[in-house]
Amino acid sequence: MEDNKIIAPMSRIHMVPMDVVAGFEVRPGMYDINGATAIPCGVNFTVYSYGATACELLLYRRMEDEPYAVIPFPQNYKIGKVYSMIVFGLNINDFEYAYRMDGPYNPKAGLLFDKKNVLLDIYAKAVTGQRIWGVPKKENVAYKARVVKDDFDWGNTARPYINMEDLIIYEMHVRGFTKHFSSGVEHPGTFAGIKEKIPYLKEIGVNAVELMPIFEFDEMKDYRVVNGRAVMDYWGYNTVSFFAPNTSYAARTEYNKEGTELKELVSELHHNGIECILDVVFNHTAEGNEMGPCFSFKGFDNNIYYMLTPDGYYYNFSGCGNTLNCNHPIVHQMILECLRYWTTVYHIDSFRFDLATILGRNEDGSPMSKPPLLQSLAFDPILGNVKLIAEAWDAGGLYQVGSFPSWNRWAEWNGRYRDDMRNFLKGDYGMWEAAANRITGSRDIYNPEYRGNNASVNFITCHDGFTLHDLYSYNEKHNEANGWNNTDGSNDNRSWNCGIEGETEDEGVLRLRGRLAMNAFAVLMCSRGTPMFFAGDEFLNTQYGNNNAYCQDNEISWLNWDDIEKNKTHFEFCKYMTAFRKKHSVLRKFTGNSETRFPEIQVMGVDGYTKVLRVIFAGRNESNTADDIVCLAINTFWEEQEFTPPYLGEGKSWYVAADTSGRYLSSFIPDEEPEKLAGNTVRMGERSVCILVAE
């Protein structure tokens with residue numbers, strides 16, 4: 001301050017005398033800005049460690065493995081536990097960087113400091129070493145980071161801000177979505193490839209895409225060859241860096257502008273009214289257990305970033321070797337800063353948290369009633385409009401579907417919807433009441449008073465398990481290609497092969513499988529809650545019975561777009577049902593009392609008269625000009641059934657909007673307008689779904 005004038009930060013930097021370290025002009029940096037940040041006169045480097053006694057900055061020429069400069073942080077550049085230094089004269093295009101930390105080495109106490117370890121900045125915005133998919137990082141060569149220039153022009157495109165109940169989520173793998181030659185895109189297997197397919201996404205009626213992990217990961221982790229076929233960490237649930245996008249998913253090299261192609265994708269999705277959800281993995285990292293590498297978190301503060309036993313071993317609630325210590329204040333702060341970064345810099349709309357119950361465990365692994373991290377995420381102002389979705393279980397046996405700490409902000413992948421609906425739709429006895437609960441919003445486990453009306457993300461299939469095609473083609477998993485003698489993957493599939501295991505030419509079996517798949521999709525689109533389905537289910541993509549295709553970077557996992565034509569009827573049915581859900585808002589929420597005096601939701605269950613489950617949703621249409629009444633009827637019995645729909649009143653009639661048996665509609669959906677029901681009785685085909693609307 002000088003004569004009441006504020007001196008700009010850059011002015012203060014130039015006024016302070018500079019030191020010379022290792023031939024570079026330096027001075028103390030900006031301690032509250034983590035990571036490496038370009039400034040007009042150089043680069044600011046900030047890093048912290050609670051246990052380290054010294055820190056060195058390593059500078060590399062691009063593509064080189066030995067540093068051209070090693071710059072120790074002067075001890076007087078350390079405030080508290082934070083090292084910060086501005087190095088003048090650096091051009092971000094000319095170098096990559098890493099760190100070395102010195103300190104005590106005592107594994108039983110969880111201390112793994114070793115000055116020989118080259119460490120990737122935890123806050124790195126771009127990671128070098130594995131630019132090309134499937135090309136392994138050089139052995140014994142460390143990860144390095146780049147400084148990223150963020151000058152992307154978002155223009156005037158606004159975020160969609162779609163209400164949770166109005167979303168139709170489409171889960172996809174970035175590479176697998178367009179990698180197959182049949183996708184016809186110019187840039188297969190990339191963010192750009194997805195961008196090319198945005199017209200298709202609009203055609204099928206989805207308004208949110210959920211991208212499986214896109215944080216930098218090592219797909220070559222656990223690389224093996226099984227029966228002549230390479231297997232690798234295809235899914236990407238092993239994070240190397242939380243702040244950096246996976247460069248292998250970019251169609252072009254983006255030196256110092258990493259993430260541009262992803263931003264272009266998000267911007268174009270938003271321009272087309274589609275939200276972008278990231279599947280984030282904060283429960284573990286790629287450093288693994290005691291046998292795993294030390295390339296980042298272990299080297300900075302192993303005993304802080306990971307849950308450790310009293311003897312210094314790693315708790316493994318993730319099933320992947322280690323467990324991130326999410327409710328330690330330092331890790332808590334890192335996760336919060338990370339999600340803010342993706343929200344502000346990449347305009348991400350929502351986050352789905354893999355194995356999210358780990359985020360609610362204490363440092364000793366015990367569940368917490370009010371986990372500080374989950375509460376912070378729920379109330380953080382920057383994340384105020386971001387949707388938070390939890391996979392409410394983990395590999396340690398903690399299952400919190402319906403009880404995940406939420407503060408009315410967290411939604412959940414509803415695993416009970418998946419399980420109960422799979423059982424019911426394949427005809428298991430005694431499941432109609434459970435099915436009715438799931439279809440009507442799972443209010444038995446999500447009390448609206450405490451959880452709101454948008455807690456349930458409904459799904460029947462996802463990346464983990466059978467595809468919709470395989471759900472009705474296989475009784476057993478067939479994971480032999482993974483190389484574990486078919487011991488991996490879940491045995492609890494609740495599937496049915498309709499009489500023949502796997503592929504068949506039996507016309508009767510194929511018709512039944514097609515009907516069951518349409519049944520499942522129709523019921524999903526007519527259920528309260530937010531529907532989600534796995535990419536390719538709309539055209540019956542198969543994984544050939546593999547229910548754990550985490551390592552299959554090949555035709556097992558890639559979508560075969562030729563199946564659209566092969567399964568044209570199913571494809572058109574799915575498009576119709578997404579549009580039907582959007583048209584009839586009573587399927588999504590309470591819209592006001594209907595003039596017919598029907599209750600908002602009415603369940604008519606299986607009884608001595610019929611084995612048909614009927615769920616009627618009633619209210620007003622979006623414009624409040626007429627009643628909106630939909631009757632979902634489901635016959636999972638192996639014989640025809642009939643029922644009489646409720647009387648609507650004088651001058652009102654029921655119309656058939658969909659019929660998977662083909663009894664009323666030859667193409668399963670109306671050619672133009674719904675077909676008026678003849679008579680007062682609906683006779684349903686075996687194992688079919690019929691949807692009626694009141695007109």
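Once you wrap a convex hull around the alpha carbon atoms of the stretch 581-695, what is its projected area averaged over all directions, in nm²?
Working: hull surface 28.4 nm².
Orientation-averaged projected area of the Cα hull: 7.1 nm².
Given +1 on the Cβ of Lys and Arg, -1 on the Cβ of Asp and Glu, and no further charges, what dipole in debye does the chain carry about its Cα centre, rounded to the nearest 20?
Values: 67 positive and 92 negative charges, 214 e Å.
Dipole size: approximately 1020 debye.
Expressed as a fraction of 2.2 N^0.38 Å, the rule-of-thumb size for a compact globular protein of N residues, what is the C-alpha radius of gyration of the stretch 41-83?
On the way: Rg = 12.0 Å, N = 43, 2.2 N^0.38 = 9.2 Å.
So the stretch 41-83 has a normalised radius of gyration of 1.30.
Normalised by the residues of the stretch 104-247, what does the relative contact order come to in percent, with Cα pairs under 8 Å and at least six apart?
24 percent
So which lysines can residue 568 reach, going by Cα to Cα under 19 Å and dropping same-chain residues fewer than 8 places off?
Result set, ordered by chain and number: 197, 202.
Compute from the Cα atoms of the stretch 468-575 the Rg and the Dmax, the latter being the longest Cα-Cα distance, and quote both in angstrom.
Values for the stretch 468-575 (Cα only, Rg and Dmax): 14.0, 40 Å.
Starting from the stretch 576-640, pick out the chymotrypsin sites (Phe, Trp or Tyr not before Pro) whose DSSP state is loop and whose Cβ has at most 13 other Cβ atoms within 10 Å. Could the numbers behind the result be given before it?
Details: sites: 576, 580, 590, 609, 617, 637, 638; in loops: 590, 609, 637, 638.
In loop regions of the stretch 576-640 (DSSP not H, G, I, E or B), the sparsely surrounded chymotrypsin sites (Phe, Trp or Tyr not before Pro) are 609, 638.
Among the lysines, which fall within straight-line cross-link reach of residue 137, defined as a Cα-Cα distance under 17 Å, with same-chain neighbours fewer than 8 residues apart omitted?
Those lysines meeting the cut-off are 221.
Report the antiparallel proportion of the DSSP beta bridges in the chain as a percent, rounded to a multiple of 5. If you can, show how the numbers build up before the last one.
Details: 77 of 104 bridges.
Here the share of antiparallel DSSP bridges comes out near 75 percent.
Net charge around residue 96, counting only other residues with Cβ within less than 13 Å of its Cβ (Lys, Arg = +1; Asp, Glu = -1)? List each step's numbers first, then the result.
Details: positive: 61, 62, 125, 131, 144, 146; negative: 64, 65, 66, 94, 121, 258.
Counting the neighbours of residue 96, the net charge comes to 0.
Below 8 Å between Cα atoms, with a sequence gap of 6+, how large is the relative contact order for the chain in percent?
Values: 1541 pairs, mean separation 66.3, N = 695.
For the chain, the relative contact order is 10 percent.
Only loop residues by DSSP count here, and only those with at most 13 other Cβ atoms within 10 Å; note down the GluC sites (Glu not before Pro) in the stretch 441-514 that meet that. Could you put the intermediate results ahead of the total?
On the way: sites: 449, 476, 480, 501, 503, 505, 507; in loops: 476, 501, 503, 505.
Here the sparse-neighbourhood loop sites are 501, 503, 505.
Run through the stretch 98-162 and list the chymotrypsin sites (Phe, Trp or Tyr not before Pro) located in a DSSP loop whose Cβ has at most 14 other Cβ atoms within 10 Å. Don't jump to the answer; show the numbers that get you there.
Values: sites: 99, 105, 113, 123, 133, 143, 152, 154, 161; in loops: 113, 123, 133, 143, 152, 154, 161.
Here the chymotrypsin sites (Phe, Trp or Tyr not before Pro) that fit, given the DSSP loop and packing criteria, are 154, 161.
Can you pull the semi-axes for the stretch 97-250, root of five times each eigenvalue of the Cα gyration tensor, sorted largest first, whole Å?
On the way: eigenvalues 233, 91, 48 Å².
Over the Cα atoms of the stretch 97-250, the ellipsoid semi-axes are 34, 21, 15 Å.
Say the dipole of the stretch 213-314 comes from +1 at the beta carbon of Lys and Arg and -1 at that of Asp and Glu; which of 239, 277, 251 then lies farthest toward its positive end?
251
Write down the Kirkwood hydrodynamic radius of the stretch 43-157, to one decimal in angstroms, obtained as one divided by the mean of 1/r over all alpha carbon pairs. Working shown, then result.
On the way: mean 1/r = 0.0638 Å⁻¹.
One decimal place: 15.7 Å for the Kirkwood radius.
Work out which helices of the chain, taken as complete DSSP H runs, extend at least 20 Å along their axis over the Cα atoms and score a mean Kyte-Doolittle of -0.5 or more, then list them. Kindly include the intermediate steps, with their values, before the conclusion.
Values: long enough: 329-345 (23 Å, 0.56); 507-525 (27 Å, 0.75); 568-583 (22 Å, -0.93).
TM-like helix candidates: 329-345, 507-525.
Which label belongs to the value computed from this structure, given these candidates for Rg and Dmax of the Cα atoms in Å: [x] 24.8, 77; [y] 27.6, 92; [z] 34.5, 136?
Of the labelled values, this structure produces [y].
Name the residue farthest towards the positive end of the dipole of the chain from the options 291, 52, 389, assuming +1 on Cβ of Lys and Arg, -1 on Cβ of Asp and Glu, about the Cα centre.
Selected residue: 52.
Compute for the stretch 523-589: radius of gyration divided by Kirkwood radius, i.e. Rg/Rh, restricted to C-alpha atoms, rounded to two decimals. Spell out each step's value before the answer.
Working: Rg = 14.3 Å, Rh = 13.5 Å.
Over the Cα atoms of the stretch 523-589, Rg/Rh equals 1.06.
Between residue 453 and residue 66, 0.36 nm times their residue separation minus their Cα-Cα distance comes to what?
Values: separation 387, 0.36 × 387 = 139.32 nm, distance 5.61 nm.
Residue separation times 0.36 nm, minus the Cα-Cα distance, leaves 133.7 nm.
For the chain, with the dipole built from +1 on Lys and Arg beta-carbon atoms and -1 on Asp and Glu ones, taken about the Cα centre, which of 462, 40, 338 lies farthest toward the positive end?
Farthest along the dipole direction, towards plus: 40.
Pull up the cross-link candidates among the lysines for residue 257, meaning alpha carbon to alpha carbon under 20 Å and not fewer than 8 places away within one chain.
Filter leaves 125, 144, 149, 195.
With a 1.4 Å probe and every protein chain kept in, tell me what percent of the accessible surface of the chain is carbon plus sulfur. Present the calculation step by step, with values, prior to reporting the outcome.
Details: 13110 of 27140 Å².
Carbon with sulfur: 48 percent of the solvent-accessible area.
Along the principal axes of its C-alpha atoms, what lengths does the stretch 362-503 span, in descending order and rounded to whole Å?
53, 37, 26
Per residue, how much accessible area does the chain show when a 1.4 Å probe rolls over the protein heavy atoms, in square angstrom? Please report the intermediate quantities before stating the final value.
Working: 27140 Å² over 695 residues.
In whole numbers, the chain has 39 Å² accessible per residue.
When only C-alpha pairs under 8 Å and at least 6 residues apart count, what is the relative contact order of the stretch 581-695, in percent? Spell out each step's value before the answer.
On the way: 252 pairs, mean separation 29.2, N = 115.
Relative contact order comes out at 25 percent.
The values are calculated or read from the model by the stated rules, or taken from the named source; none is laboratory data. All of these numbers come straight from a predicted model, not from anything done at the bench. Cβ: placed from backbone, ideal geometry, glycine included. Neighbour counts: every protein chain shown. SASA here: full protein model, heavy atoms, side chains in, ligands and nucleic acids out. Shrake-Rupley method; radii C 1.70, N 1.55, O 1.52, S 1.80 Å.
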